[in-house]
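A.B. asks: I have a structure here, written as structure tokens, and I will follow up with some questions on it.
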Amino acid sequence: MENTSQSTNKKALLSLAIGGFGIGLTEFVIMGILPNIADSLEISIPKAGHFIAIYALGVVIGGPVMARITTNLNPKKTLLFLMLWFTVFNTLSAFSGNYWVMMLFRFLSGMPHGAFFGIGAVVSGYLAKPGKAAQAMAIMFSGLTIANILGVPLGTYIGQEWHWSYSFILVGIAGIATLSSLYFWMPKKDLEEIDAPNAQGASAGLKNKMLWALIALTTVGTGGFFAWYSYIAPLVITVTKLPEANVGYVMIVAGIGMFFGNFLGARMVESFNPVKSVIISMLCMTLVLILNALFASNSTAIFILSFIVGAITFSVTAPIQIAIIKAAKGAEKLGSSMNQSAFNMGNASGAYFGGLPMVFGLGVNYSSVVGAMLAFMGAGIGVAIVYSQKVRKNQESGHP
């Protein structure tokens, strides 16, 4: 902005990206070391999948709760508080000795996730040049995608070769790095006017039916990705029949896809209505997940399909976030945080529904079929939103 230097803006966005790296690391690394955690705690893989779901539940509950708790804090103090909480409980996760302790710490670890990304999205949009809000948000979310390229494979390797607890120590280190960068690089004065408390505006924003429809789209549609990704390790090991070490390589390829898809989504917003962009991505995800179910046994196909699924999934990120912030006018921080909660409701539901085929004795590749169904339902919700927008526009213009 006018009173914020270009250099400061870049460093501030970088600090958000580092936070995104840490969050992406803790959210996704557990999927690569799920069998190791299950063996260590002497539980089944589907039961270990509960750690994925409970983290997501922490995000769902924590998003609006944390946004409310930090209402009177300026954005910089809010982000520092959220990242301190994140660092403490992710580090404590490394010392979990049984199922229930791990469940508790994973839940608490997830609580600041949604608010950090939600408030970070609003801050990044404010720091961006006019018309470049989507690209600024993509920079923040790029930290999450880079985590999947570098951090998650490294954390997976460490967890498999030494002990899964070291993977969470790595998350704690990323949290400390984020705290330092936020403290030194994130401006305070220039962000004070963001989303000042306004009860009337917040109430109107939260009553907008479009906001809730978009949250439903995020919840259902992104569940398709998590139905597949939550069980990527057993898929690679038992269906593709590759050595355990290859799980990390598949996750790297998926992470590279996420990185490119993240910026692709920012570009799509410049050419399409945000919701139409999401519909296109969801339909493509439906097709690719079906192909994954059919060809996951092929060692070449698993790498190609993992790249494509990652790219398609993260092409949704910027468009849906832009749409949510517009729909939640007057309560942008809370609405943006709620969308992150919705994303993780998709995480929880995807992990749960994706695990059901295994409970009933089917192969891990059937999780992709469940994912395709969820993605297709998400596309359907998007079509309904676009149709309702068209009807409203016609009514306002006086056309039948």
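A.B. asks: For the range 240-252, enumerate the residues that are among the β-branched types (Val, Ile, Thr) and either in a loop (DSSP other than H, G, I, E, B) or modelled with pLDDT of 90 or more (or both).
C.D. replies: Selection gives Thr240 alone.
A.B. asks: Give the range 66-96 a look and list any residue that's more than 12 Å from His113 (Cβ to Cβ), hydrophobic (A, V, I, L, M, F, W, C) and open to solvent by 30 Å² or more (accessible area, probe 1.4 Å), or say none.
C.D. replies: Matches in the range 66-96: Ile69, Leu73, Leu80, Phe81, Leu84, Val88, Leu92, Phe95.
A.B. asks: Something else now. Does Ser109 satisfy the criteria of being among the polar types (S, T, N, Q), in a helix (DSSP H, G or I) and closer than 15 Å to Gly24 by Cα?
C.D. replies: When the stated conditions are applied, Ser109 passes them.
A.B. asks: Here's something else I'd like to know. Which residue pairs have Cβ atoms closer than 7 Å, lie 6 or more positions apart in sequence or on different chains, and pair a first residue in the range 17-31 that is touching a residue at least 40 places away in the same chain (Cβ under 8 Å) and among the polar types (S, T, N, Q) with a second residue that is buried (at least 24 other Cβ atoms within 10 Å of the Cβ) and assigned to a helix (DSSP H, G or I)?
C.D. replies: Thr26/Asn90; Thr26/Ser109; Thr26/Val171
A.B. asks: While we're on this one: Of everything in the range 298-319, what is part of a helix (DSSP H, G or I) and open to solvent by less than 10 Å² (accessible area, probe 1.4 Å)? Give them in sequence order.
C.D. replies: Result: Ile302, Ser306, Val309, Gly310, Thr313, Phe314, Ala318, Pro319.
A.B. asks: Test Thr286 against the stated conditions and say whether it is open to solvent by less than 10 Å² (accessible area, probe 1.4 Å), in contact with a Phe, Trp or Tyr (Cβ under 9 Å, 6 or more places away or on another chain), of a type outside the set (Asp, Glu) and at pLDDT 80 or above.
C.D. replies: When the stated conditions are applied, Thr286 does not pass them.
A.B. asks: I'm trying to understand the selection: among the residues of the range 23-63, which are part of a helix (DSSP H, G or I), more than 23 Å from Ser341 (Cα to Cα) and either of a type in the set (Lys, Arg) or open to solvent by less than 10 Å² (accessible area, probe 1.4 Å) (or both)?
C.D. replies: Hits for the range 23-63 are Ile37, Ala38.
A.B. asks: Mind listing just one residue for me: the one in the range 343-368 that is buried (at least 19 other Cβ atoms within 10 Å of the Cβ) and over 15 Å from Gly49 (Cβ atoms) and, of those, modelled with the highest pLDDT?
C.D. replies: Ser368
A.B. asks: Starting from the range 291-319, keep only residues that are farther than 22 Å from Met140 by Cβ, then list their pairs with residues that are among the aromatic types (Phe, Trp, Tyr) and in a helix (DSSP H, G or I) whose Cβ atoms are within a distance under 6 Å, requiring at least 6 positions of separation or different chains.
C.D. replies: That search, which allows pairs on different chains as well, returns Ala301/Phe295.
A.B. asks: Spot the failing condition for Ala293; the list is (1) outside any helix (DSSP H, G or I); (2) buried (at least 16 other Cβ atoms within 10 Å of the Cβ); (3) of a type in the set (A, V, I, L, M), and only one is missed.
C.D. replies: For Ala293, the failing item is (1).
The values are calculated or read from the model by the stated rules, or taken from the named source; none is laboratory data. Being a predicted model, the structure only gives us computed values, none of them experimental. Please note: Cβ atoms are built from the backbone with ideal geometry, for glycine as well, and neighbour counts cover all protein chains shown. Remember, those area values only see protein heavy atoms, side chains included, never the ligands or the DNA or RNA. Shrake-Rupley method; radii C 1.70, N 1.55, O 1.52, S 1.80 Å.
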